[in-house]
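Every read-out reported here was derived from the displayed coordinates using simple, explicitly stated rules and does not represent laboratory data. These figures come from a predicted structure and were not determined experimentally. Note that we place each Cβ from the backbone using ideal geometry, even for glycine, and neighbour counts take in every protein chain shown.
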Amino acid sequence: MPHGNVQRMFLFEQTTFVYLIFFAVLGLVFGSFGNVLIYRIPNNQGLGGRSKCPSCSTTIRSFDLIPVISYLLLAGRCRKCKATIAIRYPAIELISGVLFVLAYIQMGSVLTGLLLAFAIWLLLLIAAIDQSTQGIPDILNIPLIVISIAFGITQGHLSLIAFLIGTGFFFIQWAVSRGKWIGSGDVLLSIALTALLGKWNLVLVMLCSAYIVGSIFAVYLLIKKKCSGQDHLAFAPFLVIGTLIALFLGEIILSKLLLI
Ligand SMILES: [Zn+2]
C-alpha cells in the first residue's frame, strides 16, 4: 500500500475514533440530563434548580453528577445520608451512551448520527415516563415527531405505505376503542417511529418485535404474580424496544427471513 494511503487510513480511523468518543460522552451527558427530565416532566417541575437527593433533599454537588462514574465512586449511595441511589440512574446514562454510539456507527455521519441519536434519546425518555406514569407527554412527542421526520427526509425514505401500516394500525385501535386500548400519545408516537424506520417492512419488524417482547414480559409478570390480567401495561417501552431492534437489526432479520 502506498505510504499516502496508509497515512490517510490512519487519519480516517483517528477521526472515527474521536467521533465515537464524542458520541459516547454526549450520550452519557444527555442520559444524565434525561434522568432529570424523566423525574421532572411528569411532576410538572421546571428545569431550574439543582438536583437534590430524594431522601435527604441535600443539593447534589457537581462532582457527584458525573454520569455512571459518580455512581460507582459513591458505591450507589447518597454522599450525605447514604440512601441507595436507584440503579435506574446509571442504567439510563449507560444505555443513552451506548445508543448514541450505535446511532453514529449506524449512520457513519455526524449530522444524521446526531439526528438519530436525539430521536433515540427522546424514545428512551418516553419509554421511561410511560413506564412510570402510563402516559406520554406531548412535550416529548412533538419534538420527536419533528426530529424523526427531519431524519426521514435526510434518508429519503418516508413512505405512505409505511405510515398506513405503522400509524394506521394504532389510529384504528385508538378510534375504535375511543382511547381505551391505547392513548392518543401512542398514535403520535407511531408517527415518529414510522418516520424513523421509513420502510414498511421495517415497520412490520418493529410491530412484531414489540408484541413478541411485550407478550413475553406480560407472561413473565403473570407467572411471577406481579400483576393481574386486568392491569394495564404501558406499551411505549415495547414500541421503543421494537423500534431499536428494527433500526439496528431490521435489515439482518429481514434478509435472514427472506432466505428461509
Ligand atoms: Zn441523601
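Helix by helix, which DSSP H runs in the chain go 27 Å or more along their axis at the Cα atoms and have an average Kyte-Doolittle hydropathy of 0.5 or more?
Numbers: long enough: 3-40 (55 Å, 0.95); 88-107 (28 Å, 1.23); 110-133 (34 Å, 1.98); 200-223 (34 Å, 2.13); 236-259 (31 Å, 2.10).
The qualifying helices are 3-40, 88-107, 110-133, 200-223, 236-259.
Once the Cα gyration tensor of the chain is diagonalised, what are the square roots of 5 times its eigenvalues, in whole Å and ordered largest first, as equivalent ellipsoid semi-axes? Numbers along the way, then the final one.
Working: eigenvalues 181, 178, 58 Å².
Largest first, the chain gives 30, 30, 17 Å.
Please report the relative contact order for the range 1-108, taking Cα pairs under 8 Å with a sequence separation of at least 6, and give it as a percent rounded to a whole number. Let's see the in-between values first.
Numbers: 90 pairs, mean separation 41.6, N = 108.
Relative contact order here is 38 percent.
Counting alpha carbon pairs within less than 8 Å and at least 6 residues apart, what relative contact order, in whole percent, applies to the chain? The partial results should precede the final answer.
Working: 296 pairs, mean separation 41.9, N = 260.
Computed over the chain, the figure is 16 percent.
Taking N as the number of residues in the range 135-260, what is its Cα Rg relative to 2.2 N^0.38 Å? Write out the running numbers ahead of the final one.
Values: Rg = 15.2 Å, N = 126, 2.2 N^0.38 = 13.8 Å.
With N residues counted in the range 135-260, Rg over 2.2 N^0.38 Å equals 1.10.
What distance in nm separates the simple spin-label points at residue 178 and residue 132, each placed 7 Å from Cα in the Cβ direction?
If labels sit at residue 178 and residue 132, their model points lie 3.3 nm apart.
For the range 1-101, what ratio Rg/Rh do Cα atoms give with a Kirkwood hydrodynamic radius?
Numbers: Rg = 18.5 Å, Rh = 15.6 Å.
Radius of gyration over Kirkwood radius for the range 1-101 works out to 1.19.
Report, in debye and to the nearest 20, how large the dipole of the range 123-260 comes out about its Cα centre when Lys and Arg carry +1 and Asp and Glu carry -1 on their Cβ. Kindly include the intermediate steps, with their values, before the conclusion.
Values: 7 positive and 5 negative charges, 69 e Å.
Value, rounded to 20: 340 debye.
For the chain, set up a Gaussian network in which alpha carbons nearer than 10 Å are linked by springs, and say which option among 65, 202, 37 fluctuates the most.
65
At a Förster distance of 22 Å, what's the computed FRET efficiency of residue 251 paired with residue 94, Cβ-Cβ distance as r, to 0.05?
Given R0 = 22 Å and the Cβ-Cβ separation, E is 0.30.
Taking the Cα centre of the range 1-108 as origin and charging only Cβ (+1 Lys, Arg; -1 Asp, Glu), how large is the dipole, in debye to the nearest 20? Walk me through the intermediate numbers first.
Details: 10 positive and 3 negative charges, 123 e Å.
With Lys and Arg at +1 and Asp and Glu at -1, about 580 debye.
Amide H of residue 77 versus every other amide H placed in the peptide plane: which residues, excluding those fewer than 5 positions away on the same chain, fall under 5 Å?
85
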